């Protein structure tokens, strides 16, 4: 019994020592989300919230920032008379970069009045809700919609808390919101540097969940694949029809920024993160609808072939690095100038 108590006491002392040490280091702080509601049915953070970003066990690539008045990362406070709104998920949010290195920061330097209502986990349904919410407030001339592989791979699935998703009932499509309400425990847990280090820097939950191989959103099963195609096409029909209404009402141009399949580029086609059929379906819709498109696939292919330089933080993190953001801004600027 004395041995067990000694071991437990040693563990507690070690944990307290680690906690004290990590409190002095740039451990990833996390950012608290604001509660969503019918008035604000989109994911955003508490405004004016300071945060620290770092990656991995060695706390690499430390970045500091503060969320905007509207609760977004790497966006100026959204105001009327916007030139460009840039929507997207964590690729646009970009904790791991400085603001001036992000695509929205570069566009703002060139054009001014560029805002980025973007949040981790956003999809096409969220982009539509953000357009409905912010276009009446800003009357933005252009809205850039970022699209990455999982936006289509998971298009028929419910969203995470705070986000929106496409609902399918009797052949009809609508937008549904998954409310976010912060648990009383979360604020207290985030105060512990040791718990944040285990969760964000070591990614222990991801490691544990990775032990069980997740099912593919659209498998090789013909029935599942047929359902995915039908719901994907129905969701895209609804999405573009609603964009058309907003375009007519506010005069806003919609420009699409489409991610490339970087895994396929690096591995010369041996790996892929974006089913070719989904990507082709999206690009066909964009061409048919006459939308301006910055397709990063050929851009990334040329850059990799010429310089052999990665456009992301792989293998640790698949998000775009400053190289990809610079290439994207370069592709977008001529489209926005039009």
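The values are calculated or read from the model by the stated rules, or taken from the named source; none is laboratory data. Since this is a predicted model, take the numbers as computed values, not measurements. Don't worry about glycine lacking a Cβ; one is built from the backbone with ideal geometry, like all the others, and counts go over all protein chains shown.
Results for (1) part of a loop (DSSP other than H, G, I, E, B); (2) surrounded by 18 or more Cβ atoms within 10 Å (Cβ to Cβ); (3) in contact with a helix residue (DSSP H, G or I) (Cβ under 8 Å, 6 or more places away or on another chain), shown as yes or no for each residue.
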residue	(1), (2), (3)
16	no, no, no
20	no, no, no
26	yes, no, no
39	yes, no, no
64	no, no, no
71	yes, yes, no
81	yes, no, yes
85	no, yes, yes
96	yes, yes, no
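Tell me, which residue of the range 305-318 that is crowded, with 17+ Cβ neighbours inside 10 Å and outside any strand (DSSP E or B) is nearest to the chain's Cα centre (by Cα)?
My answer is 311.
Within the range 241-261, work out how many residues are surrounded by fewer than 13 Cβ atoms within 10 Å (Cβ to Cβ) and assigned to a helix (DSSP H, G or I).
Qualifying residue count, the range 241-261: 5.
Just to be sure, is residue 264 assigned to a helix (DSSP H, G or I), within 21 Å of the chain's Cα centre (by Cα) and buried (at least 17 other Cβ atoms within 10 Å of the Cβ)?
Answer is yes for this residue.
Does the range 220-240 contain any residue that is in a helix (DSSP H, G or I), within 26 Å of residue 106 (Cα to Cα) and under 23 Å from the mean Cα position of the chain (by Cα)?
Scanning the range 220-240, I find no residue that is in a helix (DSSP H, G or I), within 26 Å of residue 106 (Cα to Cα) and under 23 Å from the mean Cα position of the chain (by Cα), so the answer is no.
Pairs, please: C-beta under 9 Å, at least 6 apart or cross-chain, first residue at positive phi and without any contact (Cβ under 8 Å) to a residue 24 or more places away in the chain and in the range 21-48, second crowded, with 17+ Cβ neighbours inside 10 Å and part of a loop (DSSP other than H, G, I, E, B)?
48/67; 48/68; 48/71
Please specify each residue of the range 51-72 satisfying the condition of being closer than 20 Å to residue 185 by Cα and free of Cβ contacts under 8 Å to residues at least 24 places away in the same chain.
Result: no residue meets the conditions.
Go through the range 65-96 residue by residue and tally those that are within 18 Å of the chain's Cα centre (by Cα) and farther than 24 Å from residue 335 by Cα.
Of the residues in the range 65-96, 10 are within 18 Å of the chain's Cα centre (by Cα) and farther than 24 Å from residue 335 by Cα.
Taking the range 267-277 only, how many residues are within 17 Å of residue 287 (Cα to Cα) and crowded, with 17+ Cβ neighbours inside 10 Å?
0
Out of all the residues in the range 225-235, is one or more at pLDDT 95 or above, surrounded by fewer than 16 Cβ atoms within 10 Å (Cβ to Cβ) and under 30 Å from residue 336 (Cβ atoms)?
yes
Answer yes or no as to whether residue 54 is within 27 Å of residue 323 (Cβ to Cβ) and part of a loop (DSSP other than H, G, I, E, B).
no
Would you please name the residue that is nearest to residue 310 (Cα to Cα), looking only at residues in the range 278-294 that are in contact with a helix residue (DSSP H, G or I) (Cβ under 8 Å, 6 or more places away or on another chain) and not in a strand (DSSP E or B)?
The extreme case among them is 279.
Taking the range 201-219 only, how many residues are surrounded by fewer than 15 Cβ atoms within 10 Å (Cβ to Cβ) and either under 23 Å from the mean Cα position of the chain (by Cα) or at pLDDT 70 or above (or both)?
Residues meeting the conditions: 12.
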